[in-house]
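The values are calculated or read from the model by the stated rules, or taken from the named source; none is laboratory data. Keep in mind that what you see is a predicted model, and the values were worked out from it rather than measured. Here Cβ is always computed from backbone atoms with ideal geometry, including for glycine, and neighbour counts include all displayed protein chains.
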Amino acid sequence: MGLLSVVVPCYNEEENVSLFYGELLKNTSFLKEKGIGLEIVYVDDGSSDHTVMEVKKLREKDESVHLISFSRNFGKEAAMFAGLENANGDYVVIMDVDLQDPPAMLQEMFACLEEGYDSVATRRVSRRGEPPVRSFFARAFYRLMKKISKTEIMDGARDYRLMTRQMVDAVLAMKEYNRFTKGIFGWVGFRTKWLEFENVERVKGETKWNFWKLFLYSIDGITAFSTMPLMLASVVGVLFCIIAFLMIIFIIVRKLIFGDPVSGWPSLVCIILMTSGVQFFCTGILGQYLAKTYMEVKKRPIYLIREKI
Ligand code: UDP
Ligand code: MG
């Protein structure tokens with residue numbers, strides 16, 4: 001007995017909604033044998049195409065299809081949060097609608113839960129079909145995160161993850177506005193089994209992420225799960241003070257011994273430029289955290305619903 005909720009964030013995915021539905025049903029027949037029910041929660045993230053209509057068409061045929069439609073585009077993080085909040089299942093799985101999260105893995109994932117894991121996560125071992133520049137920076141991001149954050153964030157981790165109700169409730173208890181789900185999953189802990197798969201390209205449509213969006217998202221991730229950059233500002237400040245102190249001593253001694261006037265204002269200009277650059281950089285880091293704190297303090301809702309079926 002039990003219920004599995006499938007949370008599916010969709011943003012302008014009219015072509016994929018029913019394709020996904022078909023594939024999902026094909027791969028979840030094993031649930032019946034176990035006597036587990038299925039519900040599908042499509043979260044429309046303010047699509048401007050016919051995504052909502054496509055979901056409603058499915059709903060007419062199948063009562064287990066649910067729709068949450070946002071008042072505007074709030075982003076995938078908000079869509080996942082809304083999906084989790086509105087899922088009734090004893091088990092919840094988050095899946096992309098573009099079939100990049102292979103439904104064929106569900107049976108294996110379920111078997112892992114039965115072994116006693118609280119959560120089964122997936123990661124891509126290859127990034128085939130992705131622009132090389134994007135892969136390079138993605139890898140660099142995960143390497144950096146490993147160094148500066150205590151929270152475990154796996155390289156190539158997808159949001160495709162099956163969780164027990166207990167873990168879902170833990171994730172929902174984290175009400176932060178700046179959400180970085182990959183970090184949140186790591187932060188809440190629980191026994192997690194990692195499954196690996198080869199990258200699959202999306203069936204239809206285009207990716208919603210460009211380089212700039214991903215860059216901003218990575219800043220979200222860093223500020224949400226590490227305060228190391230703030231530390232960096234202090235370290236650089238102290239370092240520069242030490243260097244300045246040594247230089248002052250050097251110049252005084254030189255003056256006393258050789259008595260020559262200090263020449264060379266070009267070097268001085270360079271030093272001033274560099275130190276002010278470092279100052280701006282550090283103020284920028286502070287600003288990032290301040291901005292995130294500002295948004296957090298406002299306590300704005302993470303998403304707004306326009307329609308719910
Ligand atoms: N998505 C969303 N809101 C957004 C952007 C994307 O709900 O603002 C959904 C999208 O419909 C898809 C999933 O998030 O189901 C992953 O998006 P996409 O395939 O564009 O990302 P990629 O797989 O390229 O990382
Ligand atoms: Mg995708």
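Computed values, structure above
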| item | result |
| --- | --- |
| Count - residues of the stretch 1-54 that are among the aliphatic types (A, V, I, L, M), within 22 Å of residue 76 (Cβ to Cβ) and away from ligand 1 (no atom under 14 Å from the Cβ) | 2 |
| Enumeration of residues in the stretch 170-214 that are in contact with a helix residue (DSSP H, G or I) (Cβ under 9 Å, 6 or more places away or on another chain), free of Cβ contacts under 8 Å to residues at least 60 places away in the same chain and not in a loop (DSSP other than H, G, I, E, B) | 170, 182, 183, 184, 186, 187, 188 |
| Candidate set from the stretch 96-124 (those that are touching a helix residue (DSSP H, G or I) at 6+ places or on another chain (Cβ under 7 Å) and part of a loop (DSSP other than H, G, I, E, B)); member that is surrounded by the fewest Cβ atoms within 10 Å (Cβ to Cβ) | 99 |
| All positions within the stretch 282-309 that are surrounded by 13 or more Cβ atoms within 10 Å (Cβ to Cβ), aromatic (Phe, Trp, Tyr) and more than 14 Å from residue 74 (Cβ to Cβ) | 289 |
| Subset tally (residues that are more than 26 Å from the chain's Cα centre (by Cα) and small (Gly, Ala, Ser)) for the stretch 1-17 | 1 |
| Tabulated pairs, the stretch 98-117, first more than 13 Å from residue 193 (Cα to Cα), second of a type in the set (Ser, Thr, Tyr) and within 16 Å of ligand 2 (Cβ to nearest atom), C-beta under 6 angstrom, 6+ apart or interchain | 101/160 |
| Residues within the stretch 159-169 that are within 16 Å of ligand 1 (Cβ to nearest atom) and without any contact (Cβ under 8 Å) to a residue 60 or more places away in the chain, tallied | 0 |
| Single residue of the stretch 193-217 satisfying the filter (modelled with pLDDT of 85 or more and of a type in the set (Lys, Arg)) that is surrounded by the most Cβ atoms within 10 Å (Cβ to Cβ) | 193 |
| Out of 190, 180, sole residue that is touching a strand residue (DSSP E or B) at 6+ places or on another chain (Cβ under 9 Å) and either among the polar types (S, T, N, Q) or surrounded by 13 or more Cβ atoms within 10 Å (Cβ to Cβ) (or both) | 190 |
| Index of the failed condition, residue 127 passing every other in (1) within 16 Å of ligand 1 (Cβ to nearest atom); (2) of a type in the set (D, E, K, R); (3) assigned to a helix (DSSP H, G or I) | (3) |
| Residues being of a type in the set (S, T, N, Q) and over 23 Å from residue 222 (Cβ atoms) - total across the stretch 123-177 | 3 |
| Within the stretch 69-90, considering residues that are crowded, with 19+ Cβ neighbours inside 10 Å and touching a Gly at 6+ places or on another chain (Cβ under 7 Å), the one farthest from residue 5 (Cα to Cα) | 74 |
| Sole exception among (1) modelled with pLDDT of 90 or more; (2) out of contact with any strand residue (DSSP E or B) (no Cβ under 6 Å at 6 or more places or on another chain); (3) not aliphatic (A, V, I, L, M) for residue 63, by number | (1) |
| Single residue of the stretch 199-219 satisfying the filter (within 13 Å of ligand 2 (Cβ to nearest atom) and among the aliphatic types (A, V, I, L, M)) that is nearest to the chain's Cα centre (by Cα) | 214 |
